[in-house]
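Student: Quick one: structure below, then a few questions.
Nothing in this text is a laboratory measurement; each read-out follows from the coordinates by a stated rule. None of these values were measured; they are calculated from a predicted model. Using ideal geometry, Cβ is built from the backbone for each residue, glycine included, and neighbour counts are taken over all protein chains shown.
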Amino acid sequence: MSSSAADLAPRAVRVDCSNEELTVVLADGRRLSVPLSWFPRLLEATPGARAHFELLGGGVGIHWPEIDEDLSVEGLLRGTRAPGGRPRDR
């Protein structure tokens with residue numbers, strides 16, 4: 001029996017967005033939280049727009065249609081910020 005690379009890709013099953021953090025729960029039980037300041041479009045969006053998202057490709061990506069933002073789970077795991085995104089303020 002063989003597995004394809006797509007079968008091993010981390011997949012989101014839940015997404016929550018507060019005013020400060022984006023939290024993504026993965027199918028394998030991991031929970032990833034990143035500062036919202038990494039993603040300026042999400043940071044500036046209304047709470048309603050942040051709550052309206054779609055999981056793409058069975059959870060390998062996340063899309064917010066109202067603000068035209070797309071993030072990959074793999075990118076989040078690598079710590080990739082959006083252009084113009086800044087580290088969390090200390």
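Student: With only Lys, Arg, Asp and Glu charged, each at its Cβ (+1 for the first two, -1 for the last two), find how big the charge dipole of the stretch 9-78 is about the Cα centre; round to the nearest 20 debye.
Tutor: The calculated dipole for the stretch 9-78 is roughly 280 debye.
Student: Then there's this: Under the Kirkwood approximation applied to all pairs of distinct alpha-carbon atoms, what is the hydrodynamic radius of the chain in Å?
Tutor: 13.5 Å
Student: Here is a further query. Mean separation of Cα pairs under 8 Å and 6+ residues apart, divided by the residue count of the stretch 6-82: what relative contact order is that in percent?
Tutor: Here the relative contact order equals 27 percent.
Student: With each pseudo-label sitting 7 Å past Cα toward Cβ, what's the residue 18-residue 30 distance in nm, one decimal?
Tutor: Label at residue 18, label at residue 30, 2.1 nm between them.
Student: Hey, what number do you get for the chain at 222 nm if only DSSP H runs of n ≥ 4 count, each worth -39500 (n - 2.57), divided across all residues, to the nearest 500?
Tutor: Counting only the DSSP helices, I get -4500 deg cm²/dmol.
Student: How much length would be gained if the chain were fully extended between residue 46 and residue 8, taking 0.36 nm per residue of separation minus their Cα-Cα distance, in nm to one decimal?
Tutor: Stretched fully, the residue 46-residue 8 segment lengthens by 10.3 nm.
Student: For 18, 33, what's the fewest-to-most ordering of other Cβ within 10 Å of each Cβ?
Tutor: 18, 33
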